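See below for the structure under consideration.
The values are calculated or read from the model by the stated rules, or taken from the named source; none is laboratory data. None of these values were measured; they are calculated from a predicted model. Counting neighbours? That spans all protein chains shown, and the Cβs are built from the backbone with ideal geometry, glycine included.
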Amino acid sequence: MYPKRKRQKNLQKLGDVLQKTLKRFNISGNSIDRNIWDAWNKAIGPQVAAQTRPDKLRRDILFVKVSNSIWMHQLQFMKQEIIDKTNKFLGREVIKNVHFSIGEIAPPSTLKNEENFTFPNQYQLSERDRKVIEESSSSVPDKELGSILKRVMTKEIIRRRMRENPKAP
């Protein structure tokens, strides 16, 4: 017979551990599909979208972060209408319920500002970096996704360099 196994205390869900790790390294670990994000923004409009952020989808429940309790209260009254509209934009019934919670809402980034921003010269990419980024992004069949991958890789490499050597000459 095998000895009886002791029950472990303080077990954590793997998803929670992964999300904490991604957050610690400033890597976006959003488990929300881009289609759901777009449908959400279309369904609720730009004013409400500025105060909310779809966070994750679990078992037909969309978890949404809201900027404050006033918005959360108002959205509760519109919950079924929001579900119907979002599913309509998705083309099928994906969401059966919405759970609102108060959370930090980052201001929306504008692509124009990101494209015009340049890092100081000491943090520019090397030829090797450019080659790796180009090879990686060109292998993605979807052009838009390839462009996004290129921007993310560029920012990540520069961010790491800035962290390693903040006072580069």
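Of all residues in region 16-33 being at pLDDT below 70 and closer than 27 Å to residue 69 by Cβ, which is surrounded by the fewest Cβ atoms within 10 Å (Cβ to Cβ)? If we take residues in region 16-33 being at pLDDT below 70 and closer than 27 Å to residue 69 by Cβ, then 28 is surrounded by the fewest Cβ atoms within 10 Å (Cβ to Cβ).
Of everything listed in (1) modelled with pLDDT under 75; (2) among the aliphatic types (A, V, I, L, M); (3) not in a loop (DSSP other than H, G, I, E, B), the single unmet condition for residue 36 is (1). Which residues, counting only those in region 61-83, are surrounded by 13 or more Cβ atoms within 10 Å (Cβ to Cβ) and either in contact with a Ser or Thr (Cβ under 6 Å, 6 or more places away or on another chain) or of a type outside the set (Val, Ile, Thr) (or both)? Of everything in region 61-83, those that are surrounded by 13 or more Cβ atoms within 10 Å (Cβ to Cβ) and either in contact with a Ser or Thr (Cβ under 6 Å, 6 or more places away or on another chain) or of a type outside the set (Val, Ile, Thr) (or both) turn out to be 62, 63, 64, 65, 66, 67, 71, 72, 74, 75, 78, 79. Consider region 107-137 and keep the residues that are at pLDDT 70 or above and within 29 Å of residue 55 (Cα to Cα). The one that is surrounded by the fewest Cβ atoms within 10 Å (Cβ to Cβ) is 136.
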